[in-house]
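Report on the following structure.
The values are calculated or read from the model by the stated rules, or taken from the named source; none is laboratory data. Since this is a predicted model, take the numbers as computed values, not measurements. No Cβ is skipped: glycine too gets one built from the backbone with ideal geometry, and neighbour counts run over all protein chains shown.
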Amino acid sequence: MAIGVVVIGRNEGLRLERCLTSLVGTADKIVYVDSGSTDGSVQMALKLGIEVVALDMALPFTAARARNEGFSCLQRVLPAMRYVQFVDGDCEVVTGWLSRAQAFLDAHPEVAVVCGRRRERFPENSVYNLLCDLEWDTPLGETKACGGDALMRAEAFASVSGFRPDLIAGEEPELCVRLRAAGSKVWRLDEEMTLHDAAMTRFGQWWQRSLRAGYAFAEGAFLHGAAPEQHWRRESNRAWLWGLGLPLATVFASVVLGGFGLLLLLAYPLQVVRLARRGDRSARENWLRALFLMLGKFPEMCGQIKFLLNRVGAGKTGLIEYK
């Protein structure tokens, strides 16, 4: 039961070396898809005996397109491939993950995608790294979506034509929508999977990442927001409510009621308290997560507007990168 691996990256340096080294000897074939690196990533991968695909950067680049091209390469060089592991180049794969994930898929033919716990390598380096680590601690068992690291059935992936190459973000949950519509399941195991290095140390990086999330929410809702899926409708509605609706209501109330209208702004700290009290981590983590969940509604709202402007204006936006 052959396993192939697709790693994508650009100028990841030591992070990519860690990633590829963690995979050598664990799969039947590894393909690294490079998107215009200038730091010697391609040469380093070749020295490790990794198959390399250098993307034509004259064409619009997305991570989805890179993963698809890596998968196509695997189909050529590993025709017996049954499973494919997708990994971002800034992640190190935990020892034993591939064998445990493969065993689960072998035992559960109805499951097309399996993922585990992605952890942040340096959560103590910044609050933004910590927020990433908290974000990835999602419920176990059957779920609706995976992230950038997951083991998939190659046949199921190919049957839905892989990732949508035009999506600049949110391509993994969108793929899972189509896989589930085709009758497959997505599962998260209680297993360590990858160590990720977000390297976020500045507020501006966090803002850009949150803006990208808002854009992905808007596009996901546009594609699959209708019933019964209602993909990312709730996330989009929350961005509109907290990022724009409540500020506009406060302005209107202030015009009508004067200073009393500003009392509407109390909804923000009250919501932070509500979210923090619902958390199941340490007090510090619960409060930080709650605070930034609320702050994040503003860049998410900007992402929603950016998507709408692109829909009615110049068309597709370029990548929204945070590092």
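Here are the numbers for the structure shown:
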quantity	calculated
Residue list for region 139-155, restricted to those being crowded, with 19+ Cβ neighbours inside 10 Å and of a type in the set (A, V, I, L, M, F, W, C)	ALA145, CYS146, ALA150, LEU151, MET152, ALA154
Candidates LEU98, LEU134, LEU105, LEU140 - the one that is within 14 Å of the chain's Cα centre (by Cα) and not β-branched (Val, Ile, Thr)	LEU134
Lone qualifier among VAL255, VAL312 - being more than 19 Å from the chain's Cα centre (by Cα), within 28 Å of ALA64 (Cα to Cα) and not small (Gly, Ala, Ser)	VAL312
Wholly within region 174-271, helices (runs of 4 or more DSSP H) carrying at least 2 residues that are more than 30 Å from ARG10 (Cβ to Cβ) and outside the structural domain of THR62 (by TED's automatic domain parsing)	233-240, 246-257
Members of region 57-105 that are under 19 Å from CYS176 (Cα atoms) and either among the charged types (D, E, K, R) or exposed (fewer than 12 other Cβ atoms within 10 Å of the Cβ) (or both)	ARG65, ARG67, GLU69, ARG82, ASP88
Residue in region 207-234 that is farthest from the chain's Cα centre (by Cα), counting only those that are crowded, with 18+ Cβ neighbours inside 10 Å and free of Cβ contacts under 8 Å to residues at least 24 places away in the same chain	GLY225
Residue match in region 275-285 (condition: surrounded by 13 or more Cβ atoms within 10 Å (Cβ to Cβ), touching a residue at least 12 places away in the same chain (Cβ under 8 Å), of a type in the set (Gly, Ala, Ser) and part of a helix (DSSP H, G or I))	yes
Number of the condition not met by SER159 [criteria: (1) under 16 Å from the mean Cα position of the chain (by Cα); (2) surrounded by fewer than 20 Cβ atoms within 10 Å (Cβ to Cβ); (3) within 13 Å of LEU175 (Cα to Cα)]	(1)
Pair list, Cβ < 7 Å and 6+ apart or interchain, from region 88-100 residues that are in a loop (DSSP other than H, G, I, E, B) to residues that are modelled with pLDDT of 95 or more and among the polar types (S, T, N, Q)	VAL94/THR194
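Let's see how each residue does on (1) within 21 Å of PHE157 (Cα to Cα); (2) outside the structural domain of ALA150 (by TED's automatic domain parsing); (3) touching a residue at least 60 places away in the same chain (Cβ under 8 Å):
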site	(1), (2), (3)
ILE8	yes, no, yes
GLU12	no, no, yes
ARG18	no, no, yes
VAL24	no, no, no
ALA27	yes, no, yes
ASP39	no, no, no
LYS47	no, no, no
GLU51	yes, no, no
